[in-house]
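Trainee: The structure is given below, and queries will be raised subsequently.
Every number in this text was worked out from the coordinates using simple rules, so none of it is lab data. Please read all numbers here as calculations on a predicted model, not as lab measurements. When we count neighbours, we look across all protein chains shown, and the Cβ atoms used for this are built from the backbone with ideal geometry, even at glycine.
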Amino acid sequence: MIIAIDGPAASGKGTLARRLAAHFNLPHLDTGLLYRATARALLDHGSRLDDVEAAVRAARGLALLDFDEQRLRGREMGEAASVVAALPEVRAALIDMQRAFSARPSGAVLDGRDIGTVIAPGADVKIFVTASPEARAQRRALELRGRGEKVDYAAILEDIVKRDKRDSSRADAPLKPASDAHVLDTTDLNVEAAFAAAFKLVQSARA
Ligand code: DC
């Protein structure tokens, strides 16, 4: 079974994907980490985020990189990832590894922006997780506070709106629900309720 979870920044798609993967005993790939690690590698080498050649080299060399989530999760890296993710050459360099992951015989759960539309269009179930920008900013603020980072709610909201705009308006594989995706709006749902709703969607796809 392939489960495709897409949605905007801080929509809760990562938490949902992890929980579904654990529940159904499936491997999980957080594809945002690939773009974050590509951006991190560029910045570590002193390259610009719009240096296409360096970005493709970084994307192709990802297997050799350290996926230190602590270094990749921060606000700045989300923004940098969104910039490199708009380069079609970078997306092309990352496609095969994501498709290979989704085609594992065991099945898989992938989360990102283009899983249902580009990476695994034949997925058994597609969920597009969304929530209002304000609700997402609140959640991100709580998460960052929990990790001891300084939090500026207005700046986080601004980031989210900017990132939504960039991710949705790029020409290549923009953020949008696949035509056969179930849209799950979690604005008024807590983690448990969101999981219960997603679980139901997966169960009915399996039945
Ligand atoms: O899910 P995330 O916040 O970790 O993703 C960081 C950025 O990476 C996001 O703003 C856009 C990009 N991304 C993408 O373009 N396609 C994906 N499948 C996953 C992430």
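Trainee: Give, rounded to the nearest 20 debye, the magnitude of the charge dipole that region 79-200 has about its Cα centre when Lys and Arg contribute +1 at Cβ and Asp and Glu contribute -1 at Cβ.
Mentor: 120 debye
Trainee: Within the set Lys126/Lys176; Lys13/Lys162; Lys150/Lys176, which residue pairs have Cα atoms separated by over 22 Å?
Mentor: Those over the limit are Lys150/Lys176.
Trainee: Which trypsin sites (Lys or Arg not before Pro) does region 96-152 hold that lie in a coil by DSSP with at most 13 other beta carbons within 10 Å?
Mentor: Arg147, Lys150
Trainee: Given a cut-off of under 8 Å on Cα pairs at least six residues apart, what relative contact order in percent is computed for region 39-83?
Mentor: With pairs under 8 Å counted, the relative contact order is 48 percent.
Trainee: Report, ordered by chain and residue number, the aspartates and glutamates lying within cross-link reach of Lys165, taken as a straight Cα distance under 13 Å and ignoring same-chain residues fewer than 8 apart.
Mentor: Glu79
Trainee: Let me ask another. Around Glu149, with a cut-off of 15 angstrom between Cβ atoms, what is the net charge of the other residues, counting Lys and Arg +1 and Asp and Glu -1?
Mentor: Charge balance in the 15 Å sphere: +2.
Trainee: Cβ under 11 Å from Leu201's Cβ, Leu201 left aside: what net charge do those residues give with Lys, Arg +1 and Asp, Glu -1?
Mentor: +2
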